[in-house]
Each structure stands twice: as C-alpha cells, then as structure tokens.
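Just so you know, all these numbers are worked out from the coordinates, no wet-lab data involved. These numbers come from a predicted model, not from an experiment. Counting neighbours? That spans all protein chains shown, and the Cβs are built from the backbone with ideal geometry, glycine included.
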Amino acid sequence: MGNLILEPVKAIVSNISPGSLSMSDIADLLELAALTIRSTDLALDLFLDTLQPNAPRFMTADVQVAKYLLRNLMAIAVEHIEEANSEAKRLPGLLDLKLSPKDKDGSHVDIDFRIDATGTPR
C-alpha cells in the first residue's frame, strides 16, 4: 500500500525546482500530510525517505534552519497522525487521489474530495 503513495510522491518531489519552496510552503505540505495520512509508518517513510533528504535542495531557507524546521514539523505531524489514527473512522470514497491524465511526466495529481459525505471535516 505504501508504494502506491510513496512512488508518486517521490516523482513529484524530484520534479520540484531547486529553491522554489519557502518555509511556509513546506509547513503547508506537512500540514496536508498530517491531515490526510493515517499511518504513522507511511508518514515516517514519506518524511524520512522522501522529504528530509530532498528538502535542502528545494527550500529557499538556510540549510540549518530548514533542517530544524523540517525535523520539528515532522514530529508534530507524526504526533497528530498517531492521535487521529486512534480516533479515526473509515469513510469510503471521502478522498480519491489519482495521477492527472493531462500530465505526461507524472508530477500532477487530481484530488476528488466529497463535501457531501457524512463526517466531512470542517
């Protein structure tokens, strides 16, 4: 299951232009991960194998500041995922991720989010 998520994310991360993401962008990315991923193992694989090694390349901040920020935001995100997973209720069809048919290099993702489903987050 993890490879279905990790491989597309690795492809997306490899296509990010050097120096194109601010610290705010990284914080938004980790917030999205914390709100959508429900497996701490998958989150750790994503953060430690994909984001952390590549972050100095695509972040605009000083390398030491970027490492410090990333390490702390990842810890907060994993804690949130762990807490949310303990109280999670499965809702099939609430969120659907797929590669965009318009993109040839596999770096764009289409996300369908059902706002009419019972229990939709506010």
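Remarks
- Rg and Dmax of the range 1-93, based on Cα coordinates, read 13.4, 42 Å.
- Lys/Arg +1, Asp/Glu -1 at C-beta; the range 2-88 dipole; positive extreme among THR40, LEU30, GLY19: GLY19
- Here the extension length gained between LYS104 and GLU82 equals 4.4 nm, from 0.36 nm per residue of separation less the Cα-Cα distance.
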